[in-house]
Amino acid sequence: MKSLIIFSHPKPEKSLANKTILTALSGAAEVRTLIELYPEYRIDVRAEQEALLKADLIILQFPFYWYSVPAILKLWFDEVFEYGFAYGSSGDKLKGKKLLLSFTTGGPKEAYSKEGYNHYEIEELLTPLIQTANLAGMTFLPPLYTHSMVYIPGHREKEEIEVRALEHAKKVIALLNSEQ
Ligand SMILES: Cc1cc2nc3c(=O)[nH]c(=O)nc-3n(C[C@H](O)[C@H](O)[C@H](O)COP(=O)(O)O)c2cc1C
């Protein structure tokens with residue numbers, strides 16, 4: 001089983017949580033860092049599709065932005081999941097592949113509930129991504145996410161974020177191992 005990580009942080013140099021997770025995952029799977037490949041946001045659609053064709057498990061690693069994915073990952077979906085590739089009468093190239101969302105949120109767990117300030121459960125907010133996977137014939141794996149991962153100096157210790165980022169990475173590695 002071949003795994004591919006699509007790392008979708010727009011500013012990896014400023015990331016603590018996702019960068020810590022990614023560092024822990026390096027070596028476990030091939031990594032494509034979108035912003036390094038496409039600093040001008042000009043996605044090489046063929047290169048991305050080639051990479052996807054070779055993978056059985058696709059892991060999207062990202063910070064949760066405005067209840068969704070960062071712009072570069074949305075652009076990646078818009079361009080790479082094109083007609084005839086991901087959907088349409090001959091668009092079966094992703095069929096049977098597994099998709100894992102692995103992400104961090106700034107908001108705490110309790111905020112993501114009907115009573116919380118974000119009003120919706122995380123899984124409800126993921127509906128468009130779940131349906132994207134469905135339309136492409138992919139298997140949407142239970143997502144892995146860790147809350148309260150925004151680093152605010154003086155409010156939360158850097159080490160605390162790093163520890164929880166490593167716990168998150170361990171879950172991804174366990175999944176990778178179980179998929180071998
Ligand atoms: C543009 C932007 C939008 C964000 N939107 C959300 C959001 O909708 N929900 C949330 O819980 N956190 C949100 N956050 C917080 C990020 O998810 C958080 O900073 C990130 O997960 C920390 O990971 P990093 O250290 O790798 O950047 C947002 C942050 C930014 C910069």
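The values are calculated or read from the model by the stated rules, or taken from the named source; none is laboratory data. Nothing here was measured: the structure is a model prediction, and the numbers come from that model. We place every Cβ from the backbone using ideal geometry, glycine too, and count neighbours over all the protein chains shown.
Key figures for this structure:
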| read-out | value |
| --- | --- |
| Conditions (1) crowded, with 19+ Cβ neighbours inside 10 Å; (2) away from the ligand (no atom under 16 Å from the Cβ); (3) over 27 Å from S178 (Cα atoms): number failed by L99 | (3) |
| Whichever residue in the range 2-58 is within 16 Å of the ligand (Cβ to nearest atom), at pLDDT 95 or above and among the small types (G, A, S) and, among such residues, is nearest to A165 (Cα to Cα) | A17 |
| Failed condition for T20, given (1) farther than 20 Å from W66 by Cβ; (2) touching a residue at least 40 places away in the same chain (Cβ under 8 Å); (3) part of a strand (DSSP E or B) | (3) |
| Scope the range 23-37; condition part of a loop (DSSP other than H, G, I, E, B) and within 17 Å of the chain's Cα centre (by Cα); matching residues | A28 |
| Residues (away from the ligand (no atom under 12 Å from the Cβ), part of a helix (DSSP H, G or I) and either of a type in the set (S, T, Y) or more than 14 Å from P108 (Cβ to Cβ) (or both)) located in the range 147-165 | E159, V163 |
| Residue selected from the range 1-17 under the condition polar (S, T, N, Q) and in a loop (DSSP other than H, G, I, E, B), by the criterion nearest to F77 (Cα to Cα) | S8 |
| Residue check for K74: within 13 Å of the ligand (Cβ to nearest atom), within 16 Å of the chain's Cα centre (by Cα) and touching a residue at least 24 places away in the same chain (Cβ under 8 Å) | no |
| Any chance K114 is part of a loop (DSSP other than H, G, I, E, B) and under 27 Å from S178 (Cα atoms) | no |
| Hits in the range 99-118 - residues which are without any contact (Cβ under 8 Å) to a residue 40 or more places away in the chain and either touching a helix residue (DSSP H, G or I) at 6+ places or on another chain (Cβ under 9 Å) or within 22 Å of I21 (Cβ to Cβ) (or both) | K109, A111, Y112, G116, Y117 |
